[in-house]
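> Quick one: the structure is below, and I'll ask about it shortly.
The values are calculated or read from the model by the stated rules, or taken from the named source; none is laboratory data. Nothing here was measured: the structure is a model prediction, and the numbers come from that model. FYI the Cβ positions are ideal-geometry reconstructions off the backbone, even for glycines, and counts take in every protein chain you see.
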Amino acid sequence: MTDRPSLRARAAAAADDGGLRSNLHRAVTHREARRPEAYAELTDANEAHGAAQRIRLDTLRNLPALLGTMADNVLAAGGYVHWADTGDSAVDYVESVLRRRNATNIVKAKSMLTEEIHLNARLEQAGFEVTETDLGEWIVQLAGQAPSHIVAPAVHLNRAEIADILGKESAEPLAGDVTSLTQFARSRLREAFLDADVGITGVNFAVAESGAVVIVTNEGNAGLTIGLPKVHIALMGMERIVESWRELDVMMSLLPRAATGQSISTYVDWVTGARRDSEHDGPEEFHLVIVDNGRSDILGSEYDQVLTCIRCGACSNVCPVYSTIGGHAYGSVYTGPIGAVLTPLLSPDAGLNDLANASSLCGACWETCPVGIPLHDLLLELRYRESAAAGPTERAAWRLWSTMWSKPSRYRSSLSTAARFGSVSSLPLPGPIKRWATGRTPIPVANKSLRKLWKRPRS
Amino acid sequence: MTAPPSGRESGDRSSFLAKVEHRASLPTTPHLIHVAEKDDPAGGVAYTADLSDLVATFTAAAREHKSVVYVVHNDAEHLAAVLDIASDSDVEEFFVSDEAEAREFGNLLEQAGATVRPITEPRQLTQRDTVVTTAVAGVALTGSIALSSGASGSRLLTSLPKSHIAIVPAASIVPTPRDIYQGFAEERWLGSALIIATGPSRTGDIEMQLAFGVHGPGQVVIVVDARP
């Protein structure tokens, strides 16, 4: 499965890419500048985070009942519900709907879940034409890339690179300014919308008591995705649910503030089923696909708080590692601190279990998380799990260290040895330790230890 | 649920939920944010904004989100707003939705010399069109407008056109989005879709520079009707 370079190599290459660094720097500082203002509109942000955390934890404990109610309400509104244990089951279901409806053209509003289950690749293989309609997502789709941020897929690209990518789609030369590029996308994607047979979206929150799904965008692409085609298929991770409008309100007051520093997203679309008989437009069929795909294995484990995530991406924006290497170096669908936790748990066989090392454990992610996920603790826990699977040499080295420092006499002698040789990184070191020492500043060791100075007779 | 479900279900609900049920019942020790526990965590989020004058707060917030706002307190101001909007040389014709307030505004636009058409087929609205609709509510805190497919019969009126003119009766303005969520959940606005829109469509996907009108309208004009 893994012919990809190591995490270390991916991170080093990304950190050396000056263009990428400056694109990331611009994005991260912009996002961070806006957030405090949006939060200042709340009387007590900490209390709001606490409320959101409790709501999300309660959701996990009540999940079976909430999902059952949601499904009943969707069915009562004439909708279709599919229970997908796995990503494959979800994709197969989508494909079966497309075939039954003789669909060829599909428009999509950005959804991380569909990235997780590789929906686009599977549908394209099966001969369907899938167009992403979020501008950033469309850009990375055209470039043959994966999104590099949970809410800002093309954040790693600058305007010139984007003009280049969009230019290949245009018969005439494109002006490189943001307005021209945006207007080009509008007219091109509008054609895709008008031609589409089926619209596919994710779900920001399902509201169990109403059987409604809530989808937020700033561009308005979800409104067209759920308004123009004859079929709307919404896919939700099974944990993205709230009981009622009360809980929804708390979550919605935090999602845009945390994600983009907005007090509200430009469009909040709340849909219950397909069009009614009295309505002139909207889809004839509404499908809700409820996806497990490894989530239930996380539930009830020491990692289960990760399932309270609302995919705002704020943890990436404050992460010193993410802002240095960007999303692609993670090599996973979910990037940043949440991705480093989620990926080894959702896909333990993807060869990405070392992602927990892509963290300085500074805790900025936890501090900024609107639902208070202790990401740094979970990362540490994952490192522990990984190290239990470490090779014999590494285990022996740690055992040696533990033996050396567990008795004062051995501790002293190890320090005096260090003093004699000056600094560790100047020594001819064996492989893994040499790698550790590279890039670190040697700490000079004093000739006389504090212990010796202390023992010297004082006058 | 007394009525039999009318939709269709696939996959295995009972085995799906049995697994979730089992896992959800396992004891875990969550790492909690240290805030005083409230009896009702969903009791609502409190805001610093002054919500004593809903029209004033709505107007300021809507302008901050780049909507153009007219507030009319009497017939003379209403007429002035109509004339101002009718004289927009970029607009060839106004498409008016079949809602009382929008129809009234459309009639006045027509009297002011503008070309006005009813919307017979929302799908046929193009990227060049200007649409007049009624909002079922305004939200003071955020300057948002709420549009219901139950009221207008369409989900697309605010998605398709270039420019959207929304009539907001002052009495329909509610303090916060919470009131809208409650209203829709309690089926005050019957319909399959509710859209809460705040200013023109926007994107920051290219170098974080704000660009308007990427999919939805690039211009939103709100007429707050505060006539007695």
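> Listed residues A:Leu224, A:Leu248; which is among the hydrophobic types (A, V, I, L, M, F, W, C) and within 22 Å of A:Thr368 (Cα to Cα)? Don't jump to the end; show me each part of the working.
On the way: A:Leu224 fails: within 22 Å of A:Thr368 (Cα to Cα).
Result of the check over A:Leu224, A:Leu248: A:Leu248.
> Could you grab me the full set of residues in region B:58-85 that are loosely packed, with under 15 Cβ neighbours inside 10 Å and under 21 Å from B:Val96 (Cβ atoms)?
Taking region B:58-85 as the starting set, the residues that turn out to be loosely packed, with under 15 Cβ neighbours inside 10 Å are B:63-64, B:73-76, B:79-80, B:84.
Listed by number, the residues that qualify are B:Asp75, B:Leu79, B:Ala80, B:Asp84.
> Quick one: in region A:78-98, which of the residues that are facing chain B (nearest Cβ under 10 Å) and among the small types (Gly, Ala, Ser) is farthest from A:His118 (Cα to Cα)?
Step by step, filter region A:78-98, then rank; the result is A:Gly78.
> Now, a different point. Looking at A:Thr104, A:Thr131, A:Thr114 in this structure, which one is within 14 Å of chain B (Cβ to nearest Cβ) and modelled with pLDDT of 95 or more?
On the way: A:Thr104 fails: within 14 Å of chain B (Cβ to nearest Cβ); A:Thr114 fails: within 14 Å of chain B (Cβ to nearest Cβ).
Checking each option against the conditions leaves just A:Thr131.
> Criterion first (surrounded by fewer than 24 Cβ atoms within 10 Å (Cβ to Cβ) and on the phi < 0 side of the Ramachandran plot) does B:Thr176 satisfy it? Even if it seems obvious, please write down each step before you answer.
Values: surrounded by fewer than 24 Cβ atoms within 10 Å (Cβ to Cβ): yes; on the phi < 0 side of the Ramachandran plot: yes.
For B:Thr176, the condition - surrounded by fewer than 24 Cβ atoms within 10 Å (Cβ to Cβ) and on the phi < 0 side of the Ramachandran plot - is met.
> Right, next: Tell me which residues, restricted to region A:233-279, are in a strand (DSSP E or B) and within 10 Å of chain B (Cβ to nearest Cβ). Give the steps one after another, and end with the answer.
Within region A:233-279, the first condition is being in a strand (DSSP E or B), and the residues that meet it are A:233-237, A:241-242, A:267-271.
Once the filter is applied, which keeps residues that are in a strand (DSSP E or B) and within 10 Å of chain B (Cβ to nearest Cβ), region A:233-279 yields A:Val242, A:Tyr267, A:Val268, A:Asp269, A:Trp270, A:Val271.
> Oh, and also: May I ask you to list the residues in region A:1-38 that are surrounded by fewer than 19 Cβ atoms within 10 Å (Cβ to Cβ) and within 14 Å of chain B (Cβ to nearest Cβ)?
Passing the criteria: A:Gly19, A:Ser22, A:His25, A:Arg26, A:Thr29, A:His30, A:Glu32, A:Ala33, A:Arg34, A:Pro36, A:Glu37.
> Take the residues of region B:35-78 that are in a strand (DSSP E or B) and of a type outside the set (A, V, I, L, M, F, W, C): which is farthest from the other protein chains (Cβ to nearest Cβ)? If you could, list the steps in order and put the result at the bottom.
Step one: list which residues in region B:35-78 are in a strand (DSSP E or B), which gives B:47, B:68-72.
Narrowing further to those that are of a type outside the set (A, V, I, L, M, F, W, C): B:47, B:70.
Numbers: B:Tyr47: 6, B:Tyr70: 21 Å.
The extreme case among them is B:Tyr70.
> Hand me the list of strands (runs of 3 or more DSSP E) wholly inside region B:125-228 holding 2 or more residues that are in contact with a Pro (Cβ under 7 Å, 6 or more places away or on another chain).
Working: elements: B:130-134, B:137-139, B:144-148, B:163-169, B:193-197, B:219-225.
Here the list reads B:130-134, B:163-169, B:219-225.
> Same structure, new question: Among (1) away from chain B (no Cβ under 12 Å); (2) under 14 Å from the mean Cα position of the chain (by Cα); (3) among the aliphatic types (A, V, I, L, M), where does A:Ile325 come up short?
Here A:Ile325 clears every test but (2).
> Only one of A:Leu75, A:Leu42, A:Leu60, A:Leu66 is more than 7 Å from chain B (Cβ to nearest Cβ) and either within 24 Å of A:Tyr303 (Cα to Cα) or not β-branched (Val, Ile, Thr) (or both). Can you tell me which? So that I can check it myself, show each step before the final result.
Details: A:Leu75 fails: more than 7 Å from chain B (Cβ to nearest Cβ); A:Leu42 fails: more than 7 Å from chain B (Cβ to nearest Cβ); A:Leu60 fails: more than 7 Å from chain B (Cβ to nearest Cβ).
Within the list A:Leu75, A:Leu42, A:Leu60, A:Leu66, the selection yields A:Leu66.
> Quick check, is B:Phe95 of a type in the set (Phe, Trp, Tyr) and away from chain A (no Cβ under 11 Å)? Spell out how you get there, then give the answer.
On the way: of a type in the set (Phe, Trp, Tyr): yes; away from chain A (no Cβ under 11 Å): yes.
Spelling it out, B:Phe95 is indeed of a type in the set (Phe, Trp, Tyr) and away from chain A (no Cβ under 11 Å).
> If you don't mind, there's one more thing I want to ask. Of everything in region B:87-108, what is crowded, with 17+ Cβ neighbours inside 10 Å, under 23 Å from the mean Cα position of the chain (by Cα) and among the aliphatic types (A, V, I, L, M)? Give them in sequence order.
B:Val91, B:Val96, B:Ala102
> What number of residues in region A:131-153 are out of contact with any Pro (no Cβ under 7 Å at 6 or more places or on another chain) and without any contact (Cβ under 8 Å) to a residue 60 or more places away in the chain?
Residues in region A:131-153 being out of contact with any Pro (no Cβ under 7 Å at 6 or more places or on another chain) and without any contact (Cβ under 8 Å) to a residue 60 or more places away in the chain: 7 in total.
> While we're on this one: Of the conditions (1) of a type in the set (Ser, Thr, Tyr); (2) within 15 Å of the chain's Cα centre (by Cα); (3) not in a loop (DSSP other than H, G, I, E, B), A:Ser413 clears all except one; give me its number.
So the condition that A:Ser413 fails would be (2).
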